[in-house]
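One structure is given here, and the rest of the page talks about it.
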Amino acid sequence: MCDAGPVGPETITGRRALPRLRNTPLGRDHDIVAVRDLLATAPVVTVTGTGGIGKTTVALAVAHQLRDQQTDGVVFADLSSLPAGGDVLHLVADAASVEGEGGGTVERLAAILAERPLLLVLDNCEHVLAGAAELVDRMLELGGEARILATSRELLGVSGEHVWPLGPLHDAGPALFVERARAAEPRVAWDAADPTVVDLCRKVDDVPLAIELAAGQLRRFDLDELHRRLDDRLSLLAGRPTAADDAGRHATMEAAIDWSYRLLERNEQTLLRHLSVFPALFEVDAVEASAPPMFGVDPLAIFGQLVDKSLVVRMPGSGRYRLLESIRVFARDRLDESGEAAAAFERHRRHVLATVGSRSRLDRWMSARLAARFCAGANDERQAFDLSLAAGAVDDAVEIILGGSFLWRNALGSSEGQKWLARLDGVDLAPRDRLWIEILRADVGQGLGDYREMVAAVTSARALVEAAGDGVDPVAAGLVAHYDGISLLTDRDRARAHFESALDHARAAGEDRLVTLIEAFRTVADVGAGRYDEARSQMARLETMASEDGYDRFVTNWTGWMLGLAERDPACRTWMRRQQDFLDRTGIVETWLSTLSTAMCDVVDGGDALGTLARALVLARQEGYDAEADCVLVLAYCEICSGAYEAAAELVGTALHGRFNTTAHYVAYRAVIDPPLQRHLGPEALAAAVNRGRARTPAAALAHHGVTRPGT
């Protein structure tokens, strides 16, 4: 679902950012050109070489050069955060902004990616080789426009793979050493031609990471002392390999890391080992919270020393840090050997739990900003969730999963939420925790457009509320009644009774945001009943009541959009813009749904609705959704706005032939599209037209109106 990998944003590719280059790729111009030229004709190129040789640097440089040449940009998937044999499918789907069923199987994900004109970069494949190779192999079988650039210590072993082996820097090694040395100690008087510098780089086989580690020690030793100590240690540890092959360079690299590690003070060694528990990027506060006892020393001071020595890397523009993969693997091995691993992972788990659980359950359920923060730390939260379940701390697992509440109910992450919830199937939970999990299931059912799942979850939750009696959590009870109202949203009177019950609970709990949310959904019921004057009056009040970053604001904007569509008022676009501002402000990313919603605004004010609809269809496909039924619903709205009610009713029948991807579209159908058809056609004529429409597929209807995606 979320965190993109090694850096701050520079170029947005779908929902993820292409990482910036951490360093200038000194001495790699020939390699970069060669790999770029191979990709011009080869569907997959793998850059191979030992750890620390610079594979990621070359891949990123190529990606930056090619990003504007690929219509769909670059998807960068950093696989280093996965454990050995980990879930490549999920991580790549997340990096490519593929949601829903699109990320459910290798076949489906490969089909989606293969047809997109993009460059897929799979970085650090060696420990998940089978999963990466399977995905690439399926993509190659399908052909298509996508190109794949992989980095790995080993070949993927797929048919059609072109390989570019990356060697040492040779003549550029001393220049890299001097560049890093001056970053550590600006007053150095020597340059890249100094014989000691040249020999020092030769001793580490001109491997870039080894050179950086050596340069990082110049705060402690002068050049001659550094050269002597490095020579002694490499001779002892690596036997000074003379063959400049990958095996020899790998031994030198491991020896250089070990040498750097042994030069560290005791506290520095301890902290470096414990930093290996972070699966990907981390922030300074996480280091402070997860650090082991440091014998009275400030762990952040120790952390700064590790950064100075190039053992920890600060990612440009993000304020976040990481261990390079070779160092993380080394540090994790030392952590296992020390017997400290269990305690280290427990501290990390407790830090994640404290961070996620620092806000109330309703805060997590309501806040878009908290959801965006949860998404940014998804690797840590997933690890803590898994560890909690493994330790039998199921109450902690519940607290963590609630951190994604806002994500789980939306197309942003409903399929991911479904996977997390599945981990709790059959787990014995306390009644209060089970009640909140059933509320999350209702959220996911709503987000996936699975009405039956939503109603089943609410039914289970209602039974738990009744069993709790007077001891029930009023916020949870209010949410259950709220979902009862949503399940009957187009039956205004029945829905209102449930909403009134929900409001009683929300007011008793003193939760104004929940009051606003419920009243917004109640206003949707008014729209569906054609009570537009009442709805407009309520909207004016809701606009001033809604919080800045809450789900109540999100639903208020959506309700205003629905009212504008129902009245065919151009104000629907104003509400759509407010929704986009909300998403931008809170850090929740846009999906294909925004484009689909814009298409309906285009219908109202006479814009290019069909062109926008075609773009929505393409985006939905790229994000893993079959949105043909949703798009046909927009065509029905087009016909209503032009007065062609029978044609609109037939399109409704066609749309109902498929399945909408969100409950919001069912609501839009019942509140905006069905009422005018009922008024103008009457029950019998409407039913007949709907039945005629069922004989046609959504794809055929879209093609008839000239709305198709590329390749169809």
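Looking only at residues of the range 81-112 that are polar (S, T, N, Q) and out of contact with any helix residue (DSSP H, G or I) (no Cβ under 6 Å at 6 or more places or on another chain), we find that the one that is surrounded by the fewest Cβ atoms within 10 Å (Cβ to Cβ) is T105. Within the set of pairs 6+ apart or on separate chains, which have a first residue in the range 452-481 that is more than 24 Å from D552 (Cβ to Cβ) and modelled with pLDDT of 95 or more, a second that is in a helix (DSSP H, G or I) and among the hydrophobic types (A, V, I, L, M, F, W, C), and C-beta atoms under 7 Å apart? From residues that are more than 24 Å from D552 (Cβ to Cβ) and modelled with pLDDT of 95 or more, the pairs are L464/L435.
Just one of the numbered conditions (1) free of Cβ contacts under 8 Å to residues at least 12 places away in the same chain; (2) of a type in the set (A, V, I, L, M, F, W, C); (3) within 27 Å of A397 (Cα to Cα) is not true of V284: (1). Those helices (runs of 4 or more DSSP H) of the range 581-685 in which at least 2 residues are crowded, with 24+ Cβ neighbours inside 10 Å and touching a Leu at 6+ places or on another chain (Cβ under 8 Å), considering only elements entirely within it, cover 592-605, 609-622, 628-641, 645-657. Residues in the range 656-699 that are under 30 Å from the mean Cα position of the chain (by Cα) and of a type in the set (A, V, I, L, M, F, W, C): F660, A664, V667, A668, A699.
Taking the condition hydrophobic (A, V, I, L, M, F, W, C) and out of contact with any Phe, Trp or Tyr (no Cβ under 8 Å at 6 or more places or on another chain), does L200 pass? No, not satisfied. Scanning the range 143-157 for residues that are assigned to a loop (DSSP other than H, G, I, E, B) and under 20 Å from L109 (Cβ atoms) yields G143, G144, E145, A146, L156, G157.
Yes/no matrix, rows are residues, columns are (1) of a type in the set (A, V, I, L, M); (2) within 29 Å of F221 (Cβ to Cβ):
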{"site": "V284", "(1), (2)": "yes, yes"}
{"site": "S290", "(1), (2)": "no, no"}
{"site": "F303", "(1), (2)": "no, yes"}
{"site": "D308", "(1), (2)": "no, yes"}
{"site": "V313", "(1), (2)": "yes, yes"}
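If you check A508, A546, A495 for being touching a Gly at 6+ places or on another chain (Cβ under 6 Å), over 19 Å from R568 (Cβ atoms) and not assigned by TED's automatic domain parsing to the domain that holds L370, only one passes: A495. Residues that are among the small types (G, A, S) and without any contact (Cβ under 8 Å) to a residue 40 or more places away in the chain were ranked within the range 292-320; the one that is surrounded by the most Cβ atoms within 10 Å (Cβ to Cβ) is G304.
Going through (1) of a type in the set (A, V, I, L, M); (2) buried (at least 19 other Cβ atoms within 10 Å of the Cβ); (3) within 27 Å of G560 (Cα to Cα) one by one, V690 falls short only on (3).
Among the residues of the range 559-580, the ones that are crowded, with 20+ Cβ neighbours inside 10 Å and not β-branched (V, I, T) come to 11 in all.
Taking (1) among the aliphatic types (A, V, I, L, M); (2) in contact with a Lys or Arg (Cβ under 9 Å, 6 or more places away or on another chain); (3) crowded, with 23+ Cβ neighbours inside 10 Å in turn, A701 satisfies each apart from (2). The listed residues are E254, E268, E288, and the only one of them that is among the acidic types (D, E), outside any loop (DSSP other than H, G, I, E, B) and at pLDDT below 90 turns out to be E254. Would you mind stating whether E500 is among the acidic types (D, E) and buried (at least 22 other Cβ atoms within 10 Å of the Cβ)? For E500, the condition - among the acidic types (D, E) and buried (at least 22 other Cβ atoms within 10 Å of the Cβ) - is not met. Among the candidates D3, D78, the residue that is out of contact with any strand residue (DSSP E or B) (no Cβ under 7 Å at 6 or more places or on another chain) and either surrounded by 21 or more Cβ atoms within 10 Å (Cβ to Cβ) or modelled with pLDDT of 95 or more (or both) is uniquely D3. Only a single item in (1) on the phi < 0 side of the Ramachandran plot; (2) surrounded by fewer than 22 Cβ atoms within 10 Å (Cβ to Cβ); (3) touching a helix residue (DSSP H, G or I) at 6+ places or on another chain (Cβ under 7 Å) is not met by E325, and it is number (2).
Scan the range 297-315 for residues that are touching a Gly at 6+ places or on another chain (Cβ under 7 Å) and in a helix (DSSP H, G or I) and the total you get is 1. For the range 634-641, check the following and say yes or no: at least one residue is within 25 Å of L583 (Cβ to Cβ) and under 32 Å from the mean Cα position of the chain (by Cα). Checked the range 634-641: at least one residue is within 25 Å of L583 (Cβ to Cβ) and under 32 Å from the mean Cα position of the chain (by Cα). Among the numbered criteria (1) buried (at least 23 other Cβ atoms within 10 Å of the Cβ); (2) farther than 14 Å from L79 by Cα, which single criterion is violated by A150? Answer for A150: the failing condition is (2). Just one residue in the set T196, T151 is among the hydroxyl-bearing types (S, T, Y) and at pLDDT 95 or above; that residue is T151.
Residues that are assigned to a helix (DSSP H, G or I), among the polar types (S, T, N, Q) and not assigned by TED's automatic domain parsing to the domain that holds R369 do occur in the range 558-568.
Applying a threshold of 8 Å to beta carbon distances and a minimum spacing of six or more residues, or different chains, the list of pairs starting in the range 625-641 at a residue that is assigned by TED's automatic domain parsing to the domain that holds L686 and ending at one that is charged (D, E, K, R) and crowded, with 24+ Cβ neighbours inside 10 Å reads Y625/E99. Only one entry in D493, D504 is closer than 26 Å to A430 by Cβ and out of contact with any strand residue (DSSP E or B) (no Cβ under 7 Å at 6 or more places or on another chain), namely D504.
When the range 50-68 is filtered for residues that are in contact with a helix residue (DSSP H, G or I) (Cβ under 7 Å, 6 or more places away or on another chain) and either of a type in the set (S, T, N, Q) or under 15 Å from G27 (Cα atoms) (or both), the ones remaining, listed by number, are T50, G52, I53, G54, V58, A61, V62, Q65.
Within the range 153-197, the only residue that satisfies the criterion of being touching a Phe, Trp or Tyr at 6+ places or on another chain (Cβ under 9 Å) and surrounded by fewer than 16 Cβ atoms within 10 Å (Cβ to Cβ) is T196. Testing L176 on (1) free of Cβ contacts under 8 Å to residues at least 60 places away in the same chain; (2) not in a loop (DSSP other than H, G, I, E, B), one condition comes back false. Which one is that? Condition not satisfied by L176: (1).
C375 satisfies every condition listed in (1) out of contact with any Cys (no Cβ under 8 Å at 6 or more places or on another chain); (2) closer than 30 Å to I518 by Cα except (1). A single member of D443, D396, D380, D428 is farther than 29 Å from T662 by Cα, buried (at least 19 other Cβ atoms within 10 Å of the Cβ), of a type in the set (D, E) and touching a residue at least 24 places away in the same chain (Cβ under 8 Å), and it is D396.
The values are calculated or read from the model by the stated rules, or taken from the named source; none is laboratory data. Please read these numbers as outputs of a predicted model, since none were measured by experiment. Every residue, glycine among them, receives a Cβ derived from its backbone with ideal geometry; neighbour counts consider all protein chains shown.
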